Structure formats: C-alpha cells, structure tokens
Amino acid sequence: MRHIKNIRILIAASSILGISLLHYLTPLHLPMLHDVFQRLYYLPIILSGLWFGLRGGLIASLAVSAMYVPHIIFQWGIHPSLELEKYLEIILYNVVGGVTGLLAQREEARREELERTAKGLEESYRKLHEQADLLIKTEEQLRRSERLSALGELSATLAHEVRNPLGSIKGTAEILKDSFTPGEKKYEFLEILLKEADRLNRVVEDFLGLAAPVRVEQNRCDIMLELRELIAFISAEAASMGAKVRLQPADIPPIRGDREKLRQVFLNLLMNALQAAGNGGEVLVTAVGPLHAGKNQPLVEISFADNGSGIDQELLDKIFQPFFTTKRGGTGLGLAITQKIIQSHGGTIRVTSTKGEGATFTVSLPA
C-alpha cells in the first residue's frame, strides 16, 4: 500500500513539474500551446484530490500555483489583461483541488463505513450461524436424552424380567448338559441353548450400559501399554483370520482416565476394525500427542485404521446412533456405548472412510 502511495506521489509531482517546464520552454508567440498546458494542470490536481483527499488536492493546487505564478509575472507581465485571467485560473486550480479532494475524502469515508458495516454484518451472520448450529446440536442432544431416558426405563424392566429367568434357564441347561455325552444330539442342542443364553445376556448388558450414566474413575492410564496388551490378547483371533494388527511405536504421555472403560473402548474398536479388515486384512493402530489446538487442552489421539471395504458416506452420520448397525446379528449398541464412554472422559470420537479403502476411527482424549 505504501509502495502504491509513493508511485502516485511521484506521478503527480512529475506531471506538475513536466507541465511547468513546457510552459517555461515554450515561446510566448504560441499562446494556443500555453492554453493547452494551462488546462493540463487540472489532471495532476484532480488525480491528487482523488488519491489523497482534501489535503492532497490542496497541496497539488498550491504546488501548481507556486510553479505557475513566476511564469505569469516574468513572461506574461507585459500583458496585464492576460495576467488577470491567469490569476483567476490559479484561483480555479485551488477551488477544483479543494472540491475534488473533499468529495473524494467523503466518498472514502463512506466506503470505509460501508466496509465496517459489511464486517459487522458478516460477524453477526457468523454468530447467528454458530448459534443455529448450537441450537441444532442441543436439539439433537435433547432428543438423544429423551431416547436414553426411555431406554433406561425399558432397561430396568428388561433387567428384572429377563435376567432372572435367563439365569434359571442357563443353570437348568448346564445341569441337563451333564446328563449327556459330547456327540449326542441333545448335548449339542443344550450347548446351543447356553450360547444363545449368553448372547441374550450380553444384549441386556449392552442395554444397561447405554442407558446407565457412565462413572469415570480418574486414574493414571498408560495408553501404549494398554494397546500393546489388547493387541497381544486378540493376536490369536487375528492369526486365525490371516489378518495382521500393527501398533505404530509412539512416545505419548500417560493420561488420566478409567483404565477398564478405556480398555473396553479400545477392544471394541480393535475387534470392529479386525472384522472389517477380514481375511488377509490389516489393522494399523497409531497414537500421537500431545497435540496443541489453540487455547484448548492438549489432546492425545488414537487411530484404528483398517483396509476393509469402508463405510458408505451416507451412513457415516448414523454410525454412532443407538441400534444402528451394518453387522448381521449386531445390536447397534457397541459404538454408541463407545462414544458415551469417550465423552464421559471429555474426549471425542470421529470416523473417516473412503469406500473400498477402509475406515479410520480416531479417539481424542485430554492429555
């Protein structure tokens, strides 16, 4: 900006000086040329007024006057009638410079006011947009809370009405199982009955886990140690599928959180990634941190990436909703419970996916 201002000053000064030289160097017996030069003075005066406002216009007109007056006195002094005309021209120079500068200055002030108004409107729009987003999020949270409240009442009834009979059924099946030997049809039927009873019990527990408030114990938790232990725990299952689970070495600080609940989260994400990768697939686990995001608390991020078939884009927004599942026989509660545990730690979980290239679940936790 300063560079442009200097160029404009140079143009105005050079124009005034050049026109003045033309006046002084042109013989007086060519009055028509002098009339042309006299009018040319208006160009630098008007430009200075437009570029620099009232002050610029007046300085330019005064500079023109100072350059032109000696020409009048020493060269046109022998013609008194012409002198009066040229002195009036000098007055007109100053009037034009002052008026042009004043108008340009007012226009500039109006433009700046419009810019301030535009910025104010833009800021108001941004705040309104943020408030609208917050309102939508709050409304979604209220709807979710209503669903969870209804689910809590249902879970309490479910736990009372299902778990006790389920325990009796399982106990009776175990007693009957002892009466038969492996290989018999009834023995196999009783084994199926026990497995289905266990599965039903896990569904009830998932309901309770989603509806009940999460109580977090804030203890020291070594993320890398937990991940190494969990990967060792599922290594046999991964090997049976011909899949690989790799942990990217990292040096991240311990965090404060509930060790058992975080292990539940990591194990669920590991198993989901392993199932998504399938036979011959690969799961890569990475941890980075602490990450400093502005004035917010530093974060530790743990990512679980698989090279499976990925998730459709239209399903990504529904992936953490209760009862939404893409697995055959799934309850749709695992990721909902996972998100709830992460949020109870003050963290977030997000998912990114490209169809055909796998998916990545990223957990962010306060460092």
Checklist entry - What are the residue pairs meeting all of these: first residue in region 234-251, first residue part of a loop (DSSP other than H, G, I, E, B), second residue modelled with pLDDT of 85 or more and of a type in the set (Asp, Glu), Cβ atoms under 8 Å, and 6 or more apart or on different chains? => result ALA243/GLU282
Next on the checklist: Taking the condition of being over 31 Å from the mean Cα position of the chain (by Cα) and either surrounded by 15 or more Cβ atoms within 10 Å (Cβ to Cβ) or modelled with pLDDT under 70 (or both), how many residues in region 195-210 meet it?
Outcome noted: 11
Checklist entry - Does region 39-58 include one or more residues that are more than 15 Å from LEU102 (Cβ to Cβ), of a type in the set (Phe, Trp, Tyr) and free of Cβ contacts under 8 Å to residues at least 40 places away in the same chain? => result no
Item to check | Residue tally, condition modelled with pLDDT of 80 or more and among the charged types (D, E, K, R), over region 1-45 | outcome: 3
Checklist entry - Is one or more of the residues making up region 256-273 under 23 Å from ASN219 (Cβ atoms), of a type in the set (Gly, Ala, Ser) and modelled with pLDDT under 85? => result yes
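Within region 160-201, can you find the residues that are of a type in the set (S, T, N, Q) and farther than 28 Å from GLY334 by Cα? Steps first, please.
The first filter runs over region 160-201 and keeps only residues of a type in the set (S, T, N, Q), leaving 164, 168, 172, 179, 181, 201.
Within region 160-201, THR172, SER179, THR181 meet the criteria.
The values are calculated or read from the model by the stated rules, or taken from the named source; none is laboratory data. Bear in mind that the values here come from a model prediction, so they are computed numbers and not experimental data. Cβ sites come from the backbone with ideal geometry, for glycine too, and all protein chains shown count toward neighbours.
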